[in-house]
Each structure stands twice: as C-alpha cells, then as structure tokens.
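Below you'll find the structure, written out as structure tokens, and then a few comments.
The values are calculated or read from the model by the stated rules, or taken from the named source; none is laboratory data. These numbers were taken from a predicted model, which means no experiment stands behind them. Using ideal geometry, Cβ is built from the backbone for each residue, glycine included, and neighbour counts are taken over all protein chains shown.
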C-alpha cells in the first residue's frame, strides 16, 4: 500500500476530498470520522446526508476488506438512489476499482467487500448476517420491524448502524432512538440554515408552500405532533406510571 493509500485508509475525510472531490462540511467530516457504532443523523432535506453516507459506505468497502454493507430504506427505489451515489463515485477514482459483481442491486470489490441495496421489508433483511455497516435511509419512514430485524445482525460483527432521516412525527424507532436511545447513539442534527447550499430566500418560499408543520420537520429537524394525533405525546407519557397496579376485575378464563 502506498503512503497516500495508507493515509486514505486512516482518514476518510482526506480520501473523499482528494479522490472524490468531496469537500465535507464540518458535520459531514464528523460523520466520516466518527468511531461510534451507532449514528443518528437528523438532517435537513438537501443537506448532504445521503452523499455523506454513500461516501462512507464506499470508503468502508475499499479499506475494510470482506465488509458487507447494507443499504436499506422504505422502498427499493430509495435504496437504489443511495446505492447509485456510491457507484457514481467509482468513476471518480483513479484507478477505478475492479468489480467482480456489478448489477443494479449490489456490487462486490476484488477485496471481497460487498454493497447491497435492499427494499424496506423485514423479510428481505433477515437473509443477511454479520454486516460491517448498515445504513437505514429515510429511517423515520421505515417500518419498525425492519429496525428490529437489523439490530440482531450486528451482534457478532459488532457492525455500525446509521439511521438518517428527517422526522416524521413523534413515533417510530427513529424518534425513539433520538429521544430515548441513550448515550450509545452519536446524534447529529443539522438544520437548513446551517447548510451553506440552502438560501434564506428558498426557505421563505418553502415555508409558505409547505406550511409550518411540514417545514419544521423537513428543514429544521423538529419532531412535531402528527396531524391525526388525538393526544399530545408529552400528555401520554405523563399519564403513564409504573406505580399503578393491575386492576383485578374478577374475570376468570374458562380454561
């Protein structure tokens, strides 16, 4: 391995800038360099979260031989969009890595690393084991069963899990991980006004077009109440108590 390759293996930020022409924002550099096994990216639309995780997936595949990298999202079309960002980056590398497997859903490098794009169905996830990295895109829209199927796969590999999304109400595993997931999660929140590529004029137009509820979620990462929610989340949580005993109504089952 050359000196430059050794440096790239140690620092994905340098690798991305020198080989892909991707100059990372500070928060993107934080994602690329993070050593946490669990990352939550609550980032504005068009902030660059998919671009960042696609670069990280490619770096992982190139510099960690034998890695299995899974890309999951609510639909196969969405998974393929992130997968396509990764494969488009291959053309920027010199020399371009040779692939022993190359199709619309997956690719495999000569070092036995493999990247697979999957639709958001629990049954499609269970066939894989010991991934090095799992990226769940649009995590707030993914079914909770997908998340439940992913986590056990990481037990032996001690692999990394990245959930990236904008919020979708106070519900689901993305919200629960952000709100109650504990210190094992490395949380990053980037709002639209923190992204140098999004202008204030555009945001004003979006607020008028989308309305306050969608605007706050899509561009400022707020977990707001869903429009069809009868009771507020905080009211429900305040009503729950572990001190309440089970009420015995005296009803006995006939068997």
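Looking only at helices (runs of 4 or more DSSP H) that lie completely in segment 153-230, which have at least 1 residues being buried (at least 19 other Cβ atoms within 10 Å of the Cβ) and modelled with pLDDT of 95 or more? Give the steps one after another, and end with the answer.
Numbers: elements: 172-180, 200-210, 212-220.
Result: 172-180, 212-220.
The rows are residues; the columns are (1) free of Cβ contacts under 8 Å to residues at least 24 places away in the same chain; (2) closer than 23 Å to residue 184 by Cβ.
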{"site": "75", "(1), (2)": "no, no"}
{"site": "80", "(1), (2)": "no, no"}
{"site": "88", "(1), (2)": "yes, no"}
{"site": "99", "(1), (2)": "yes, no"}
{"site": "109", "(1), (2)": "no, no"}
{"site": "112", "(1), (2)": "no, no"}
{"site": "116", "(1), (2)": "no, no"}
{"site": "125", "(1), (2)": "no, yes"}
{"site": "135", "(1), (2)": "no, yes"}
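Conditions tested, residue by residue: (1) at pLDDT 95 or above; (2) within 27 Å of residue 223 (Cα to Cα); (3) out of contact with any strand residue (DSSP E or B) (no Cβ under 9 Å at 6 or more places or on another chain); (4) assigned to a strand (DSSP E or B).
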residue	(1), (2), (3), (4)
112	yes, no, no, no
115	yes, no, no, yes
120	no, yes, no, no
124	no, no, no, no
129	no, no, no, no
135	yes, yes, no, yes
140	yes, yes, no, no
147	yes, yes, no, no
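Any idea which residue in segment 27-50 is modelled with the lowest pLDDT, counting only those that are surrounded by fewer than 18 Cβ atoms within 10 Å (Cβ to Cβ) and out of contact with any strand residue (DSSP E or B) (no Cβ under 6 Å at 6 or more places or on another chain)?
Step one: of segment 27-50, the residues surrounded by fewer than 18 Cβ atoms within 10 Å (Cβ to Cβ) are 30, 33-37, 45-46.
Checking which are out of contact with any strand residue (DSSP E or B) (no Cβ under 6 Å at 6 or more places or on another chain) leaves us with 30, 33, 35, 45-46.
Details: 30: 98, 33: 98, 35: 94, 45: 97, 46: 97.
Applying the filter and picking the extreme gives 35.
Within segment 45-54, identify whether any single residue is over 28 Å from residue 120 (Cα atoms) and free of Cβ contacts under 8 Å to residues at least 40 places away in the same chain, and answer yes or no.
no
When you scan segment 69-103, how many residues do you find that are in a helix (DSSP H, G or I), closer than 22 Å to residue 165 by Cβ and touching a strand residue (DSSP E or B) at 6+ places or on another chain (Cβ under 9 Å)?
9
If we keep just the residues of segment 51-65 that are under 15 Å from residue 114 (Cβ atoms) and surrounded by fewer than 21 Cβ atoms within 10 Å (Cβ to Cβ), which is farthest from the chain's Cα centre (by Cα)?
Going through the qualifying residues, I end up with 65.
Whether any residue in segment 87-99 is surrounded by 22 or more Cβ atoms within 10 Å (Cβ to Cβ) and modelled with pLDDT of 95 or more is what I want to check.
The answer is no, given that none of the residues of segment 87-99 is surrounded by 22 or more Cβ atoms within 10 Å (Cβ to Cβ) and modelled with pLDDT of 95 or more.
Of everything in segment 5-48, what is part of a helix (DSSP H, G or I) and out of contact with any helix residue (DSSP H, G or I) (no Cβ under 8 Å at 6 or more places or on another chain)? Give them in sequence order. Steps first, answer last, please.
If we filter segment 5-48 for residues that are part of a helix (DSSP H, G or I), which is where we start, we get 5-10, 12-20, 26-33.
Selection gives 5, 6, 10, 17, 26, 30.
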